[in-house]
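Novice: Structure provided below as structure tokens; questions to follow.
The values are calculated or read from the model by the stated rules, or taken from the named source; none is laboratory data. Because the structure is predicted, anything quoted here is derived from the model rather than measured. No Cβ is skipped: glycine too gets one built from the backbone with ideal geometry, and neighbour counts run over all protein chains shown.
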Amino acid sequence: MSVSLVKGQKVSLSKNGSSLSHIFVGLGWDMAKKAAAIDLDASCLVFGESGNLVDQIWFGQLSGMAGAITHTGDNLTGEGDGDDEVIKVDLSKISSNVNTLIFTVSSFRGQTFDKIANASCRVVDSVSNNELVTFSLSEMGSHAGLIMAKIYRHKEEWKVHAIGEKTMGRTFRDMIPTIQKIGCLKELD
């Protein structure tokens, strides 16, 4: 059963007392009416316990954390149904000194979110293919980037927090100051 989150909500990725190990985060979007093709880029930023950036997975680096996180590739248009970009995560292989994975979406070309429709991200159990969490990203605006969500470790349990923070960042690197400023790296309950 999927949980639909809104900005600020969080949920555990444990089910029936056991933690999931293999998940993926899917990003999907369509072009708004009368808009040209939109190239959005999903990225995963990996942070250690002290808030230091440990690794980054994006269309220019499709694998990280010794293969524990993989990006399936860049979609330049958003055409088609379902997930347009996917980042796979093997949580069981994430080093114990890593506690936060931040997922972002940005438009390297500077196209803004008022040009997209039906944007969403979802977290899926890769083993059962059951959708666990969905989060709508279709809030219109002139922003070129969005800090979508974070998956974080809290007391040996992985949780999802829907962030939904708009930015003007055209790359994940542009978003790091906002990630630090809004407290995304602080531990949550």
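Novice: What about GLN56, is it buried (at least 16 other Cβ atoms within 10 Å of the Cβ), in contact (Cβ under 8 Å) with a residue 60 or more places away in the chain and assigned to a loop (DSSP other than H, G, I, E, B)? Quick ask: steps written out before the conclusion?
Specialist: Working: buried (at least 16 other Cβ atoms within 10 Å of the Cβ): yes; in contact (Cβ under 8 Å) with a residue 60 or more places away in the chain: yes; assigned to a loop (DSSP other than H, G, I, E, B): no.
It is false that GLN56 is buried (at least 16 other Cβ atoms within 10 Å of the Cβ), in contact (Cβ under 8 Å) with a residue 60 or more places away in the chain and assigned to a loop (DSSP other than H, G, I, E, B).
Novice: Within region 137-151, track down each residue that is closer than 18 Å to LEU5 by Cα and surrounded by fewer than 16 Cβ atoms within 10 Å (Cβ to Cβ). Write out each step before concluding.
Specialist: First, pick out the residues of region 137-151 that are closer than 18 Å to LEU5 by Cα: 137-140, 146-151.
Correct list: SER138, GLU139, MET140.
Novice: Now, a different point. Given SER120, SER136, SER92, SER142, which one is of a type in the set (Ser, Thr, Tyr) and at pLDDT 90 or above? Walk me through how you get there before you give the answer.
Specialist: Numbers: SER120 fails: at pLDDT 90 or above; SER136 fails: at pLDDT 90 or above; SER142 fails: at pLDDT 90 or above.
The conditions single out SER92.
Novice: Being more than 17 Å from GLU85 (Cα to Cα) and surrounded by fewer than 22 Cβ atoms within 10 Å (Cβ to Cβ) is true for just one of ASN118, ASN130. Which residue is that?
Specialist: ASN130
Novice: Restricting attention to region 124-139, does a residue exist that is among the charged types (D, E, K, R), part of a loop (DSSP other than H, G, I, E, B) and either farther than 18 Å from ASP74 by Cα or in contact with a Pro (Cβ under 7 Å, 6 or more places away or on another chain) (or both)?
Specialist: Filtering region 124-139 for residues among the charged types (D, E, K, R) gives 125, 131, 139.
If we keep only those that are part of a loop (DSSP other than H, G, I, E, B) too, we end up with 139.
After this cut, where a residue has to be either farther than 18 Å from ASP74 by Cα or in contact with a Pro (Cβ under 7 Å, 6 or more places away or on another chain) (or both) as well, the list is 139.
There is at least one residue in region 124-139 that is among the charged types (D, E, K, R), part of a loop (DSSP other than H, G, I, E, B) and either farther than 18 Å from ASP74 by Cα or in contact with a Pro (Cβ under 7 Å, 6 or more places away or on another chain) (or both).
Quick grid of which residues meet (1) farther than 30 Å from LYS33 by Cβ; (2) in contact with a Ser or Thr (Cβ under 8 Å, 6 or more places away or on another chain):
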site	(1), (2)
ASN99	yes, no
ARG122	no, yes
VAL133	no, yes
SER142	no, yes
MET148	no, yes
HIS154	yes, no
ILE163	no, no
LEU185	yes, yes
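Novice: Something else about it: Looking at region 1-42, what strands (runs of 3 or more DSSP E) fall wholly within it and have at least 1 residues that are in contact with a Lys or Arg (Cβ under 6 Å, 6 or more places away or on another chain) and either more than 18 Å from HIS143 (Cβ to Cβ) or at pLDDT 90 or above (or both)? If you could, list the steps in order and put the result at the bottom.
Specialist: On the way: elements: 3-5, 10-12, 22-31.
Answer list for region 1-42: 10-12, 22-31.
Novice: Does at least one position in region 88-105 carry a residue that is in contact (Cβ under 8 Å) with a residue 24 or more places away in the chain, crowded, with 16+ Cβ neighbours inside 10 Å, of a type outside the set (A, V, I, L, M, F, W, C) and more than 23 Å from GLY67 (Cβ to Cβ)?
Specialist: Scanning region 88-105, I find no residue that is in contact (Cβ under 8 Å) with a residue 24 or more places away in the chain, crowded, with 16+ Cβ neighbours inside 10 Å, of a type outside the set (A, V, I, L, M, F, W, C) and more than 23 Å from GLY67 (Cβ to Cβ), so the answer is no.
Novice: Restricting the search to region 148-174, which residues are in a strand (DSSP E or B), in contact with a helix residue (DSSP H, G or I) (Cβ under 6 Å, 6 or more places away or on another chain) and of a type outside the set (S, T, N, Q)? Walk me through it before giving the result.
Specialist: Initially, region 148-174 is screened for residues in a strand (DSSP E or B), giving 148-154, 157-167.
Filter again for in contact with a helix residue (DSSP H, G or I) (Cβ under 6 Å, 6 or more places away or on another chain), leaving 158, 167.
Listed by number, the list holds a single entry, TRP158.
Novice: Checking the conditions here, which among THR171, THR112 is farther than 26 Å from VAL11 by Cα, among the β-branched types (Val, Ile, Thr) and more than 15 Å from the chain's Cα centre (by Cα)? Steps first, please.
Specialist: Details: THR171 fails: more than 15 Å from the chain's Cα centre (by Cα).
Of THR171, THR112, the one residue that is farther than 26 Å from VAL11 by Cα, among the β-branched types (Val, Ile, Thr) and more than 15 Å from the chain's Cα centre (by Cα) is THR112.
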